[in-house]
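The values are calculated or read from the model by the stated rules, or taken from the named source; none is laboratory data. All values derive from a computational prediction rather than experimental measurement. Here Cβ is always computed from backbone atoms with ideal geometry, including for glycine, and neighbour counts include all displayed protein chains.
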Amino acid sequence: MSILFTQLSKYWSFIILFTTTFWVVTSYQATAQIPASQVPAYTEVFSAINTVWMLVAALLVFFMNAGFAMLEAGACRTENATNILAKNLIVFCVSAAAFFIFGFRYMFGDSGNPVFGQIGIFVDFILPSAANLNPFPEGFEYLRNFWQDRSFAAIFFFQLSFAGTTATIVSGAVAERIKFWGFILFSFVLVGFIYPLVGYWVWGESGWIASTLNFHDFAGGTVIHAVGGTAALVGAWLLNPRNGRFGYESETESFANEEDPEKFVPCNTGFTTLGCLILWLGWFGFNGGSTRFLDYVPHVILTTMFASTSGGLAILLYSPLVTGYKVKLSSIINGVLGGLVSITASSAYVDVLSACIIGAVGGVLVLIGESMLETKLLRIDDPVSAVPVHLFCGVWGTVAVGIFAQNFSREFSSVNNISQQIIYQILGCSCVVVVTFLLSLLTWTVIGLFLYYANQDISYQYPTKGAGILTLARRGLRVTLEDERAGNDSTIIT
Amino acid sequence: MSILFTQLSKYWSFIILFTTTFWVVTSYQATAQIPASQVPAYTEVFSAINTVWMLVAALLVFFMNAGFAMLEAGACRTENATNILAKNLIVFCVSAAAFFIFGFRYMFGDSGNPVFGQIGIFVDFILPSAANLNPFPEGFEYLRNFWQDRSFAAIFFFQLSFAGTTATIVSGAVAERIKFWGFILFSFVLVGFIYPLVGYWVWGESGWIASTLNFHDFAGGTVIHAVGGTAALVGAWLLNPRNGRFGYESETESFANEEDPEKFVPCNTGFTTLGCLILWLGWFGFNGGSTRFLDYVPHVILTTMFASTSGGLAILLYSPLVTGYKVKLSSIINGVLGGLVSITASSAYVDVLSACIIGAVGGVLVLIGESMLETKLLRIDDPVSAVPVHLFCGVWGTVAVGIFAQNFSREFSSVNNISQQIIYQILGCSCVVVVTFLLSLLTWTVIGLFLYYANQDISYQYPTKGAGILTLARRGLRVTLEDERAGNDSTIIT
Amino acid sequence: MSILFTQLSKYWSFIILFTTTFWVVTSYQATAQIPASQVPAYTEVFSAINTVWMLVAALLVFFMNAGFAMLEAGACRTENATNILAKNLIVFCVSAAAFFIFGFRYMFGDSGNPVFGQIGIFVDFILPSAANLNPFPEGFEYLRNFWQDRSFAAIFFFQLSFAGTTATIVSGAVAERIKFWGFILFSFVLVGFIYPLVGYWVWGESGWIASTLNFHDFAGGTVIHAVGGTAALVGAWLLNPRNGRFGYESETESFANEEDPEKFVPCNTGFTTLGCLILWLGWFGFNGGSTRFLDYVPHVILTTMFASTSGGLAILLYSPLVTGYKVKLSSIINGVLGGLVSITASSAYVDVLSACIIGAVGGVLVLIGESMLETKLLRIDDPVSAVPVHLFCGVWGTVAVGIFAQNFSREFSSVNNISQQIIYQILGCSCVVVVTFLLSLLTWTVIGLFLYYANQDISYQYPTKGAGILTLARRGLRVTLEDERAGNDSTIIT
C-alpha cells in the first residue's frame, strides 16, 4: 500500500499535466465549436446505404477488441488473465483519445506535403442539420472525395476502429511481463503518432509511398498489421522472454541456455477459439468495409473467407505431413488468422483462387515464423504469436499484391507489370516496417527510462549489472520477478 | 424430490391458470386475426434501409442479453453461475410474453389520455401483402407517424429488445440470493406493467411527462436504465445482502456489524470482460437505433463511443489519483458501462466534447455510487453494481440533457433555456424514479408474500422473529441459507 | 511419437492425392478463369440494400459457428473441450472447400433434371467491373432469377454459411469419442455431396420434391436441420455411447446394462449459455436472410423470436408441471433452440401466434426426444442433444408448414388444402431423411473401414470378437479406450 502511494506521488506530475491539458484543450474546443459559422455552407449528398454498411463494418471491427481480448486471455496463463483483459479493454479508450486528439488529423488531414498530414489537435465534429446532412469539417477534402457520400462521423469511427486494432495487436506479444502503464503510454504514442505517420504515407492525401511507388495496401496488411506486428516485435524483444520460457534469469545478466522445463499452456482454449471466431467475423468488416464500391463488398468477403479457410486447411495438412507433429488447436487458430492477415492487403484486387494460395501460404508462414522466433539465435517470446501472424503475414500479403493483383479490378489501378509492382510493394512495405521499428524502439526506450527513473523500487532487478540504455529501459518496462511469478493480476497499476 | 412435488402442487393452480389463459386468448386471437378485412386498405411507404438499420440495431440490443449474462455470471461466485445464467436466458422469453400480451399496447397504443396507453391484450401482427408492404394494426397511429416508413414488426422487435434490457438489469443486483420464480414473476410484471406505464409518460402518444415538462430522454437513460436500476435497488435492498457480504445473519434478526471476512471475488474475469465488450457493441445499436434520422446515426455512435472511452479513462486516472487504490478490472468495466448509460439520454443532442464530459462524470459516479451503497448507512449488496451503473448514471445522463443539449440538433426541439430545461429533466426523472420505486416495492412485496405463503418450508429462516410485511416478503423471495451457502445452482426452481 | 509417424506414413498417399488434386485443379481453374470473354455481356441490376442485408444475415449465420463451438465445448467434459473446439473451428474450413469444389454446383447449378444439379467442379467467381456490377457465372440462371438483384458472391457466401451449419450440427452428437480425421472426412462428404443432393431436390432449379410435391421448406428445417440431425443420429448410433454413459464396455462385446454411475456434467455452463445466445442471434440472420422480400424480414424475425421464446417458456412450465423435475439450464437452452429449429421451415408463412404454438411444441419435443434416445431400446448417446433439437424439431417444423401456413403470404404459394399440404410435407421430409440416413450410413461406414484398415493399432478395441462391417467401421472411427478416458485433447490428430 505504501509502495503504491510512493509510486503514485511520482506519477502525480504526469497525471496532473495530462489531465489539465486534456480538459483545457477540451474546454477551448467546446466553446470554439459552437458557432454556426464553422458549418460549411454546401450540402453534401448523404448515402444512407453506404453509411450504414460502413457503420456495420466498423462495428464488426470494433468487436474485434473482444476477439483479441479472448484470444490473448485464453492463451496466457491463468494468473495473468485479468491483467491482459484489462489491457485489452482500456486500450481502445486510450486509442480513441490519442486518435481524436492527435492521430486523425496527422493521418487524414489535407496538408499537401508527402510526409505528414495536418498539424493540429482534435477533430471538429459537426452535428447534421436540415441544411447539411453530411457536414465535413474543413481540411478533409481528400477524405470526402475518397469516401464520397459517407458521413464524416462514420468515416472517423471506421478509421478509429482500425487504429484501435493496431494498438491491440501489441498487447499479446508483451503479455505477462509488461507494466500496465508502460503499455498504456506506448499505445497512446503508437496510435497518436507512429501509426498516423506511416499511415499517411500510404493512405493519406499525398503520402509519398502511395504516390511515388504506386504502392497498394487495400485494407491495411502493411499499415495496420505490419505496423502493429513490428511494434509488438520490438516490445517482445526489448522485454526479454518470460522467465522459464527459454531458461531462467541467472545471476550473470542473461538467460541461461537450459531448455524450458516449465509449461506455458494456454489457460482457456474455449476463450482462444471464441476469440479467433470473433476476429474472423470482424475481419469481414475489416476488409469488406474498406472498399468504396458496394458491389465489391461480396467479392472482398469471399476472398477474405477463402484465404482464412485455406490458412486453416494448410495447417491441417502441413502439420502432420511436413513437421510430423500433431495438429494443435492453437496452430489451426493461427493458421486461420494468418490467412486473414495475408489477404488483408489484396482482398479487393485478387480472384478467389489466388486468395486460396495467399491464405494457405500465410497459414504455413505462421508456423514457420513461430519456430523462427524460438530459435537460439532469436529467442523472442511472443505468447500469442502476434509477430508471425501480424508482421510476417502482413508483409507477405503486401508482397502478394504484386504477384496476384488483377488489373481489371476497379479498386486496383496499377499500370506496372508484375515484377515492377512486386518491387514497389517490397520497397513500400520495407520503409514502413523500418521506420516503425525505429520509432517503436525509441518510444519503448523513452517510456522504459521514464518508468525506471520514476520509481526504481518497483523495477525489474535483472540483469543486475548492465546499465546500457536498453537494459535500463527493460528494467523500467518490466514487472518485478515476484509479480511475474505471482501473476500480474495483483499489479495492474505497476 | 418429495419437497419438490409438494411445492409443485402449490404452484399447480397458478400454472394451470396462466397456461389456460394464454392458450385460450391465443386461440381466440388466432382465429380473430385471419379475416382479411382487418388489413388496412392503405399502402404504406416502406423504407428498406430504415427498416434494415432498425433491425440491425435491434439485433445488437438483443445480443446485449449475452453481454448481461456474461457480465453477471462472471461477477458472481462460481457456485451461482448456472443460476444467474438461467435467469438471464429465460428473462428475455418472459419479457417477450409480457410485452406481447400486455406491455406494448399499454406503452405505445394511442389512447389520448396522459397516463396510460391503450387498454387491451396482444398485438395484431399482419403479414405484409402485395397491396400493403407495411401493415400497421389499428390504434398505433402515433407510432407510425413517429417512425414513419419503418415496418411495424421491426418497431415491435426493436422496442421489445429495449423492454428486455430493462428486465435483465435487475437480475444482477439480486443475484445469488433470489428465488428463481420470484425473479421470473417480477420480470413479467415489470415488463408487462411498470415499464410500459412510466414509458408511456415519456415516449407514448400523449404521455404527461413529455408533453407537460418538455422532458427529453433520447434512448432511455430514464425510461430504461433508471427504471431498471430502481427496480434493482428495491430488490437488492429488500432481499438484504448476501451472507458474509457485510457480516452474517445472527440470531437476533439483523446482520452483525462485523467486517466482511469472506471474499466475494468474480469467478471469471474473462466472462465479465467479454460481457462488457458485448454490451458496448450492443449500445451502438441501442443509441444508434433510437434516432429517426439516418444521417444522425453516425453522430450518435460517435458520442456513445467517446462517452464510454471517457468513462474508462476517467476510472484509469481517478482510481490511483483520488482514491489511492490500484485500478481494478471491474472498475474499468463499470467505468465504460457508466459512460454508456450516461450518454444514453442525450447522445443525439450533444456534441462530442460534451459527450466526453458526460461519460467521464458517469464513470467516476459509478465508483462513488459503489462506495455509497457500501456505507454503514445503506449496506445494499449489489453484486454487479447494477444500481450505480444504471440508476445513478441514468439519472445523471437525464440531467445532463438539460446542461449540454444543443438546440440545433434536429432530434431536440426544446424552446427552454438551460436552467428551465435542467429543472424539467430533474422533475421528469424524479417522477419516473419515485413511481417505479413504489410500484417495484409493491410488486416485490406481493410476490414475496405469495411465495412465502405458498410454501413456507423452503423460505428463508432469518430473521426468526420479525413478521412485518417486508420481512415476510423477504423470507418468501430469498433462498434458504443452505441453498445460499451451497450455491443456487442446485435450486434453480425454488 | 513413433506411433504418429507410423500412422502418418499410412495417410501419406491420401494426403498427397488430396493436395495434388486440389492444387492441380486449382491452378487449371486459375488460368482458365482469367480470360475476359467468360464475363457475361449483360449488365445486372445490383441492389445494394438487398445485398447488404444478405451479407449481414450471412455474417450472423457464420457467427453461429462460434455459437456451436461454445455450446458443444461447454456441454462436454473438460478433458474433451479442446478437441471439440478444434473440430468446430476446422469444420467451416472443410465445408468451404467441399462446397466450393463440389457442393455448390451440384446444389444450385442449372441442370434441368429432377435429381441433381450441375456436374462440374469449382465455381467461377468473376470480379465486378464497371460494365458489370453483378456478374453471374454461366449455369446459374435459376439462382439469379430467384434472388434477383443480389450479387452472386453474396449468394454463395450466404449459402456456404448454411452448408457449414449442416456440418457443424454433427460434431456435437459424436463428441468425445470420434477420431478427428473421421469427422473431417465425413464433413467433407456431407457438405460436398449428401447435402447438395437432397438440397437440390428442395431448393434446386428443378428438384423433384419441390416441383412434384409442392413441398415448402422456407429456411431449411428439413434441408439443413433434419439433414444435419440425421447424419448426427447415424454417427452417434454407429459410434456407440461414451463409456459409462449407459454402462461400460464389457468383455462380451456389448454395453453392460448397469445404470450410469458416472456424471457427464457440462464443463462450462457459461459457454453453453453464450453459445445458445450466439445461435439465437444467428438464427435471425438464418431465417431473416432467407426471404427474397425485404418487407418480409421483420415479420420473419418476429416469428423466429416468438417461436424461440415460446420454446423456452414451454420448458419452464413443462419441466416442473409434467415431469416433476426441476428446470435445468440445459433444458431451457434446448427449449429455445428447439423453438428456433421448429420455426425454420415456416417462419415466412405463419402468423405470430402460430409461431408461438410451433415453438412451444418444439421446445417440449426436445425434452421428450432426449428421454426417447435414452430409453433402453435406443440408448443413443448424444452429448449435446443435437438429434432431438435438429432432427426431431426440424421434422416437426416441416410438418407444421402444412398445418399453419397462410395462403396470403407472398412467400407461400400453395394451392393445396391443409390436409393435402400436410401429407406433402411429410412425404418430402421423409424422403430427405431416409436418403440422408442411408447415405450417411454408407459414408460413415466407408470412412470407418478406411481408418480401420489404415491403422489398426490406434483403433478402438471393443467389441473384441465382432467383425461385422459396422463393428469394424466403429472400431475405425472411434478413439481408443485410453484416449477416451484421458480425454481426446491429447489426440487431436488420431
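So for segment A:338-352 (the condition being more than 9 Å from chain C (Cβ to nearest Cβ) and within 24 Å of A:Thr51 (Cβ to Cβ)), does at least one residue qualify?
Yes, segment A:338-352 contains at least one residue that is more than 9 Å from chain C (Cβ to nearest Cβ) and within 24 Å of A:Thr51 (Cβ to Cβ).
Given (1) at pLDDT below 90; (2) surrounded by fewer than 19 Cβ atoms within 10 Å (Cβ to Cβ), where does B:Ser459 come up short, assuming only one miss?
(2)
Just to verify a result, which residue in segment A:401-419, among those that are away from chain C (no Cβ under 14 Å) and at pLDDT 90 or above, is surrounded by the fewest Cβ atoms within 10 Å (Cβ to Cβ)?
So the first thing to find is which residues in segment A:401-419 are away from chain C (no Cβ under 14 Å), and the list is A:401-402, A:414-417, A:419.
After this cut, where a residue has to be at pLDDT 90 or above as well, the list is A:401-402.
On the way: A:Val401: 28, A:Gly402: 24.
Going through the qualifying residues, I end up with A:Gly402.
Can A:Thr222 be described as touching a Ser or Thr at 6+ places or on another chain (Cβ under 6 Å), modelled with pLDDT of 95 or more, in a helix (DSSP H, G or I) and farther than 19 Å from A:Phe68 by Cβ? Give the steps one after another, and end with the answer.
Details: touching a Ser or Thr at 6+ places or on another chain (Cβ under 6 Å): yes; modelled with pLDDT of 95 or more: yes; in a helix (DSSP H, G or I): yes; farther than 19 Å from A:Phe68 by Cβ: yes.
Yes.
For segment A:129-148, enumerate the residues that are within 11 Å of chain B (Cβ to nearest Cβ) and either without any contact (Cβ under 8 Å) to a residue 60 or more places away in the chain or of a type in the set (D, E, K, R) (or both).
A:Ala130
Hey, any hits in segment A:11-34 for a residue that's more than 16 Å from the chain's Cα centre (by Cα), modelled with pLDDT of 90 or more, more than 9 Å from every other protein chain (Cβ to nearest Cβ) and under 22 Å from B:Thr303 (Cβ atoms)? Before you say what the answer is, go through the steps one by one.
Initial filter on segment A:11-34 (more than 16 Å from the chain's Cα centre (by Cα)): A:11-34.
When the remaining residues are screened for being modelled with pLDDT of 90 or more, the result is none.
Checked against the condition, which is being more than 16 Å from the chain's Cα centre (by Cα), modelled with pLDDT of 90 or more, more than 9 Å from every other protein chain (Cβ to nearest Cβ) and under 22 Å from B:Thr303 (Cβ atoms), segment A:11-34 yields no hits at all.
Condition first: farther than 29 Å from B:Val123 by Cβ and touching a residue at least 40 places away in the same chain (Cβ under 8 Å). Can you find one or more residues in segment C:345-363 that meet it?
Scanning segment C:345-363 turns up no residue that is farther than 29 Å from B:Val123 by Cβ and touching a residue at least 40 places away in the same chain (Cβ under 8 Å).
Taking the options C:Ser129, C:Ser161, name whichever one is of a type in the set (Ser, Thr, Tyr) and at pLDDT below 90. Talk me through it step by step, then tell me what you get.
On the way: C:Ser161 fails: at pLDDT below 90.
The match here is C:Ser129.
Taking segment A:203-224 only, how many residues are closer than 23 Å to A:Gly282 by Cα and of a type in the set (A, V, I, L, M, F, W, C)?
Step one: of segment A:203-224, the residues closer than 23 Å to A:Gly282 by Cα are A:203, A:216-224.
Imposing the further condition that a residue be of a type in the set (A, V, I, L, M, F, W, C) reduces the set to A:203, A:218-219, A:223-224.
Residues that pass the stated criteria total 5.
Go through segment A:96-125 and give me each residue that's within 11 Å of another protein chain (Cβ to nearest Cβ), not aliphatic (A, V, I, L, M) and not in a loop (DSSP other than H, G, I, E, B).
Listed by number, the residues that qualify are A:Phe99, A:Phe100.
Just checking, does segment C:375-397 include any residue being among the aliphatic types (A, V, I, L, M), within 22 Å of the chain's Cα centre (by Cα) and at the interface with chain B (Cβ under 9 Å from one of its Cβ atoms)?
No, that holds for no residue.
Somewhere in segment C:480-491, is a residue within 14 Å of another protein chain (Cβ to nearest Cβ), at pLDDT 80 or above and over 19 Å from C:Gly247 (Cβ atoms)?
yes
For segment B:422-456, give me each residue that is under 30 Å from B:Asn407 (Cβ atoms) and surrounded by fewer than 22 Cβ atoms within 10 Å (Cβ to Cβ).
Within segment B:422-456, B:Ile422, B:Ile423, B:Tyr424, B:Ile426, B:Leu427, B:Ser430, B:Cys431, B:Val433, B:Val434, B:Val435 qualify.
For C:Phe92, indicate whether it is farther than 12 Å from C:Ser187 by Cα and in contact with a helix residue (DSSP H, G or I) (Cβ under 8 Å, 6 or more places away or on another chain).
Working: farther than 12 Å from C:Ser187 by Cα: no; in contact with a helix residue (DSSP H, G or I) (Cβ under 8 Å, 6 or more places away or on another chain): yes.
Taking the combined requirement at face value, the residue does not satisfy it.
How many residues does segment C:35-72 contain that are modelled with pLDDT under 95, more than 15 Å from C:Thr291 (Cα to Cα), in a helix (DSSP H, G or I) and facing another protein chain (nearest Cβ under 10 Å)?
Residues in segment C:35-72 being modelled with pLDDT under 95, more than 15 Å from C:Thr291 (Cα to Cα), in a helix (DSSP H, G or I) and facing another protein chain (nearest Cβ under 10 Å): 2 in total.
Going through segment B:139-154 one residue at a time, which ones are touching a helix residue (DSSP H, G or I) at 6+ places or on another chain (Cβ under 8 Å) and under 22 Å from B:Asn113 (Cα atoms)? I'd like the intermediate steps shown before the answer.
Just the residues of segment B:139-154 that are touching a helix residue (DSSP H, G or I) at 6+ places or on another chain (Cβ under 8 Å), to begin with: B:139-140, B:142-144, B:147-154.
Hits for segment B:139-154 are B:Gly139, B:Phe140, B:Tyr142, B:Leu143, B:Arg144, B:Trp147.
Of all residues in segment C:131-172 being among the hydrophobic types (A, V, I, L, M, F, W, C) and part of a loop (DSSP other than H, G, I, E, B), which is nearest to C:Ala231 (Cα to Cα)?
Here the answer is C:Phe140.
Of the numbered conditions (1) in contact (Cβ under 8 Å) with a residue 40 or more places away in the chain; (2) at the interface with another protein chain (Cβ under 7 Å from one of its Cβ atoms), A:Val327 satisfies every one except a single condition; which is it?
Unmet for A:Val327, out of (1) in contact (Cβ under 8 Å) with a residue 40 or more places away in the chain; (2) at the interface with another protein chain (Cβ under 7 Å from one of its Cβ atoms): (1).
Go through (1) out of contact with any helix residue (DSSP H, G or I) (no Cβ under 7 Å at 6 or more places or on another chain); (2) over 30 Å from A:Asn243 (Cβ atoms) and name the single condition A:Ile358 misses.
It is condition (1) that A:Ile358 fails.
Could you list, in sequence order, the residues of segment C:266-320 that are more than 7 Å from chain B (Cβ to nearest Cβ) and farther than 18 Å from C:Leu60 by Cβ?
C:Pro266, C:Cys267, C:Asn268, C:Phe271, C:Thr272, C:Phe293, C:Ser310, C:Gly311, C:Ala314, C:Ile315, C:Tyr318, C:Ser319
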